[in-house]
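A.B. asks: Pasting in a structure now, in structure tokens, and then I'll have a few things to ask.
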Amino acid sequence: MFRTAKQVPFSMSRRAFATGAITFLASSAISPAFAAGVGGFVDRVWQQAKARGVSRRIFDAAMGDFRPITKVLDLSGKQPEFATTAADYVGKRVNDRQVGNGRAMRGEWAQTLGAIGGRYGVQPEAILAIWGIETNYGGYMGGNNTVHALGTLAYGGRRADYFGSELITSLEILQAGHVKPGQMVGSWAGAMGHPQFMPSSFMKYAVDFKGDGHKDIWNSVPDAQASIGNYLRSFGWRPGETWGYEVKLPRGFDYNHVWSKTTASLRDWSGAGVTRANGKAFPRAGDSARLFMPMGGHGPVFAVLANFDVIKRYNNSDSYALAVGHLADRIIGGGGFVSPWPNDTALNGAGRQKVQSLLLKRGYQIGSADGVIGSKTRAAVMDWQAKAGLLADGHVSGNLLNAMS
């Protein structure tokens, strides 16, 4: 039986604002606009930190030489000029070298990963895939002073309250002795260590797996791996289930089932003609899945399970979850996708507005050209595609815009 899944409200991922680890020099020049107020800012942070139990010694070690880093603010304000396709995103993060490193790490840490899997119920390959995509298995954790990065964003960023809270939490982590101030490093936006946790997520999900009294996600691989496992378990990871399968859709398939997020058992999807792309049977026909089509019906299509959405709690991105799942499969021994990615481009807001404007000119009643692809726009696209003799998959992309122009 098919059912339409309820929309899950957007929730901040554990990295929140963090979009990657970009190195900056701690000695970057301070903007003249900041110079006058730095002392007052540091004093205010000290009062908040003191109220939360942070000692003056720890505070001075972490914040005593604080200067806002202009480059961090520049990075925080940058918006991507072009949209990224799933093919580009996954291709940059899942390659033979990354897979080989993941397999090597699986061998090196087999005993630890086995123990973590036993405790948290998360497959080792899922932990390895997140570790690999976040920091290249610890090869690059950002190298930025977390306290100073958060201080900069709290001082002059657009989300000062959020980053101010994370800043105080980072000082509490130092006070607890989990890491020394000079070793608390991460991305320019404050995501820390091997798993790239924000400080608030560290407090909730980091674990002392090695049992020495410190939750050290910077220097202890077991602590970092177990923290990833604990994070996934906390958001409902289902032991024994995978993230999803690449599938093939039957001719004449109604793509409304994709866009409405219809959920059904894999057995029911099979009954509707949906098959695994590699020709094998679904190993657990009773598992529930919905369809995910990142680049239209001419590219790879996936039946994704509950664990796909658990991965998205780490980073609220379909492409991220696909990359993690695919890397995990490759580490296990699987191959690449069966269906090739189409030669297509993603559209930014202006491009989506152009598609809507063309639909309006053709008489489709979709409201305004606001760049938001809702149900009316999707239905109009599918109708136009069908009349134009194209695959009516409702996918809005560069190829669609070219075909309509």
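A.B. asks: Going through Q353, Q365 one at a time, which residue ends up being without any contact (Cβ under 8 Å) to a residue 24 or more places away in the chain, open to solvent by 50 Å² or more (accessible area, probe 1.4 Å) and part of a loop (DSSP other than H, G, I, E, B)?
C.D. replies: Numbers: Q353 fails: part of a loop (DSSP other than H, G, I, E, B).
Result: Q365 is the single residue among Q353, Q365 that is without any contact (Cβ under 8 Å) to a residue 24 or more places away in the chain, open to solvent by 50 Å² or more (accessible area, probe 1.4 Å) and part of a loop (DSSP other than H, G, I, E, B).
A.B. asks: Filter the stretch 264-285 down to residues that are assigned to a helix (DSSP H, G or I) and touching a residue at least 24 places away in the same chain (Cβ under 8 Å) and give me whichever is most open to solvent (accessible area, probe 1.4 Å).
C.D. replies: D268
A.B. asks: Please verify whether D309 is more than 30 Å from S234 (Cβ to Cβ), within 29 Å of the chain's Cα centre (by Cα) and among the charged types (D, E, K, R), treating the condition exactly as stated.
C.D. replies: Taking the combined requirement at face value, the residue does not satisfy it.
A.B. asks: Would you confirm, using the coordinates I've provided, whether L128 is at pLDDT below 95 and not small (G, A, S)?
C.D. replies: Answer is no for this residue.
A.B. asks: Restrict the check to the stretch 286-305 and report whether at least one residue is buried (at least 22 other Cβ atoms within 10 Å of the Cβ), on the phi < 0 side of the Ramachandran plot and assigned to a helix (DSSP H, G or I).
C.D. replies: For the stretch 286-305, residues buried (at least 22 other Cβ atoms within 10 Å of the Cβ), on the phi < 0 side of the Ramachandran plot and assigned to a helix (DSSP H, G or I): absent.
A.B. asks: Considering only the stretch 149-163, state which residues are touching a residue at least 60 places away in the same chain (Cβ under 8 Å) and open to solvent by 10 Å² or more (accessible area, probe 1.4 Å).
C.D. replies: A154, Y155, G156, G157, R158, R159, Y162
A.B. asks: With respect to the numbered conditions (1) among the polar types (S, T, N, Q); (2) within 30 Å of V381 (Cα to Cα); (3) open to solvent by less than 20 Å² (accessible area, probe 1.4 Å), which one is the sole condition not fulfilled by N256?
C.D. replies: N256 satisfies every listed condition except (3).
A.B. asks: Any residue in the stretch 381-395 that is in a helix (DSSP H, G or I), in contact with a helix residue (DSSP H, G or I) (Cβ under 6 Å, 6 or more places away or on another chain) and open to solvent by 20 Å² or more (accessible area, probe 1.4 Å)? Working first, answer last.
C.D. replies: We begin by selecting, within the stretch 381-395, every residue in a helix (DSSP H, G or I); these are 381-387.
From what is left, the residues that are in contact with a helix residue (DSSP H, G or I) (Cβ under 6 Å, 6 or more places away or on another chain) are none.
So far as the stretch 381-395 goes, no, none of its residues is in a helix (DSSP H, G or I), in contact with a helix residue (DSSP H, G or I) (Cβ under 6 Å, 6 or more places away or on another chain) and open to solvent by 20 Å² or more (accessible area, probe 1.4 Å).
A.B. asks: Right, another one. Working carefully through the options A83, A160, A104, find the one that is at pLDDT 95 or above and aliphatic (A, V, I, L, M).
C.D. replies: The conditions single out A104.
A.B. asks: Continuing with the same structure: Do we find a residue being hydrophobic (A, V, I, L, M, F, W, C) and assigned to a loop (DSSP other than H, G, I, E, B) anywhere in the stretch 95-104?
C.D. replies: No, because not a single residue in the stretch 95-104 is hydrophobic (A, V, I, L, M, F, W, C) and assigned to a loop (DSSP other than H, G, I, E, B).
A.B. asks: Only one of these conditions is not met by V338: (1) surrounded by fewer than 18 Cβ atoms within 10 Å (Cβ to Cβ); (2) in a helix (DSSP H, G or I); (3) touching a strand residue (DSSP E or B) at 6+ places or on another chain (Cβ under 7 Å). Which number is it?
C.D. replies: Tallying (1) surrounded by fewer than 18 Cβ atoms within 10 Å (Cβ to Cβ); (2) in a helix (DSSP H, G or I); (3) touching a strand residue (DSSP E or B) at 6+ places or on another chain (Cβ under 7 Å), V338 fails exactly one: (2).
A.B. asks: So is N316 within 21 Å of A86 (Cβ to Cβ) and part of a loop (DSSP other than H, G, I, E, B) or not?
C.D. replies: yes
A.B. asks: Between a residue in the stretch 111-140 that is at negative phi and in a helix (DSSP H, G or I) and any residue that is among the hydrophobic types (A, V, I, L, M, F, W, C) and modelled with pLDDT under 95, which pairs come within a Cβ distance under 6 Å, given they are 6 or more apart or on different chains?
C.D. replies: T135/M141
The values are calculated or read from the model by the stated rules, or taken from the named source; none is laboratory data. No experiment lies behind these values; they were computed from the predicted model shown. With ideal geometry, Cβ positions are generated from the backbone for all residues, glycine too; neighbour counts draw on all protein chains shown. These accessible areas exclude ligands, DNA and RNA; they are computed on the full protein's heavy atoms, side chains included. Shrake-Rupley method; radii C 1.70, N 1.55, O 1.52, S 1.80 Å.
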